[in-house]
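The structure appears right after this line, and notes come after that.
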Amino acid sequence: MVRSNYSVARHKRKKRMLRLAKGFYGDRKNHLRLTSEAVMRALAFNYRHRKHNKGNFRRLWITRVGVAAKINGISYSKFINGLHKAGCDLNRKMLAEMAVHDPASFAAVALVARGAHT
């Protein structure tokens, strides 16, 4: 009986791991043990940071909306409170887009928020 081995499957696993480590620095890209550790760590961080990005973008939007609201003479908290009281359902992402790309319409929204807040 012919002896069986796992060379094809092993080479395929090895190639897959090395392909994931493309662009890594030093021995982490071509030594299998270091590569597998580095790739597992990178994949874990990749998963975790996809979750963190959502908070980072929200923070950016809030900063942009706050600055634009200040330019229009109202604080961020009063602006958001006024929008809620006015029944305006614009989210922070869209408000930030308006603040950057269309300041005139943002000023109109700020006027509505100011009117509803007082």
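Read-outs: derived from the displayed coordinates by stated rules, not from any lab. Bear in mind that the values here come from a model prediction, so they are computed numbers and not experimental data. Cβ coordinates were reconstructed from backbone atoms using ideal geometry, including for glycine residues, and neighbour counts include every protein chain displayed.
Note on LYS29 and VAL67: with the Förster distance fixed at 30 Å, the Cβ-Cβ geometry gives a FRET efficiency of about 0.10. Listed from fewest to most Cβ neighbours within 10 Å, the set HIS11, HIS117, HIS84 follows the order HIS11, HIS84, HIS117. For the chain, the dipole from Cβ point charges (+1 on Lys and Arg, -1 on Asp and Glu) about the Cα centre works out to 1160 debye, to the nearest 20. Cβ crowding within 10 Å, taken as a proxy for footprinting-reagent exposure, orders THR118, THR63 from fewest neighbours to most as THR118, THR63.
Once both labels are positioned 7 Å from their Cα atoms along Cα-to-Cβ, the gap between LEU43 and LYS22 label points is 1.7 nm. With semi-axes defined as the square roots of five times the eigenvalues of the C-alpha gyration tensor, the equivalent ellipsoid of the chain measures 55, 14, 11 Å, largest first. Full extension of the segment from ASN5 to MET94, taken as 0.36 nm per residue of separation minus the current Cα-Cα distance, would add 26.2 nm. Only one residue of ALA107, ALA69, HIS31 has its Cα farthest out toward the positive end of the dipole of the chain, where Lys and Arg carry +1 and Asp and Glu -1 on Cβ, and that residue is HIS31.
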